[in-house]
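The block underneath contains the structure these notes are about, expressed in structure tokens.
Just so it is clear, none of the values below were taken in a lab; they were calculated from the coordinates. This structure is a prediction, so every number in the text was calculated from the model and none was measured. With ideal geometry, Cβ positions are generated from the backbone for all residues, glycine too; neighbour counts draw on all protein chains shown.
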Amino acid sequence: MRVRPVTREDLPEIFEITHKALEKDEFFGWLNPGRDKYPGDHRRDQRLHLRARFVSLGQHGYVVATEKGDRDWSGKSEVAGFVFLIRKGTDEASKKWRTDTLFNRFERKLLEWEMWYDSKFLNRAEDPKRLAEYIKMEPWNSFNVLDPRWHMGLICVSPKFQRRGVGSMLVQHSQRLAADDKLPLTLEASIVGRKLYLKSGFKLVGEAKLCEEFTDGLMVWEPVGMEGTWLDAFDGDTAKMKKRRESSPSAIART
């Protein structure tokens, strides 16, 4: 298996993986209490959000794809898992990750209208009050003090390929991107998902209680050799984020 960038042709497979991976997820179940009663509405909404990720400015997707010689090779390459990453920050180096195309700009405009119409009139699976409550909390903005950085927005592994190291491959690829930029990598993790990230060197820096049933874990990874640049007060698997710095991380690394 190998890691490569997401292509438009991968989207149908990625959608099915997302749907299956989040089928029993408690948080997405809380946001979408009608997903069992209105499965078509729920699937349409997931497709729209996946398309939006694919064309979002500064967001980059990668898949783990099977190759000939892999166990359970089906005769054609399959997507075993995927991750979407976002390059955060306004630094000069971030510009290379924010290249755009006319087609993507057009599709984003179209999707803005489609998602608004879907949310207002079509999606009976989602609870708009719960969604508004979640957006108001904005747990992802807790990481802004670390900018510039890489953020892992969504990672899913196909049930068919679980326990095959696919999740670790995606995490390690994300860490290499961050390390090459000499930046931290951030993510939000469920209680179940934290084990993989702690094993991969992430630190828990906080929690956000999103609903009665779900607590979001805020996690940060620092490149090897740069530990302590963005985090301090280490205590086992936990740490505290430092306040925003005036100088760049590369400048700090050299001092």
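One table, with the values for the structure above:
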quantity	calculated
Rounded D (µm²/s) - region 81-177, Kirkwood Rh over Cα pairs, Stokes-Einstein at 4 °C, 1.567 mPa s	78 µm²/s
Dipole moment magnitude, nearest 20 debye, region 2-254 about Cα centre, only Lys, Arg, Asp, Glu C-beta charged	480 debye
Pairwise centroid distance, computed over Cα atoms, of region 1-51 with region 95-118, Å	19 Å
Cβ-based charge dipole, the chain, positive-most Cα from GLY201, TRP97, SER142	TRP97
Residue-span extension gain [LEU196 to ARG43] - 0.36 nm each, minus C-alpha spacing	52.3 nm
Share antiparallel - DSSP beta bridges, region 2-254, percent rounded to 5	90 percent
Sites LYS95 and LYS243 - FRET efficiency at Förster radius 22 Å, r taken between beta-carbons, to 0.05	0.30
Helix 128-137 axis, angle to the chain major axis (alpha carbon atoms, nearest 10°)	10 degrees
Potential extension, PHE106-MET137 segment - 0.36 nm per residue separation minus Cα distance	8.2 nm
Helix 166-180 axis, angle to the chain major axis (alpha carbon atoms, nearest 10°)	40 degrees
Gain on full stretching of the segment that runs from TRP113 to TRP73 - 0.36 nm per residue minus C-alpha separation	10.4 nm
Pairs beyond 22 Å (Cα-Cα), from LYS182/LYS203; LYS199/LYS240; LYS20/LYS160; LYS20/LYS120; LYS88/LYS242	LYS20/LYS120
Order of SER119, SER77 - criterion: other Cβ atoms within 10 Å of each residue's Cβ, fewest first	SER119, SER77
Cα-based shape type of region 2-254, given that a ≥ b ≥ c are square roots of the gyration tensor eigenvalues and the cut on a/c is 1.5	rounded
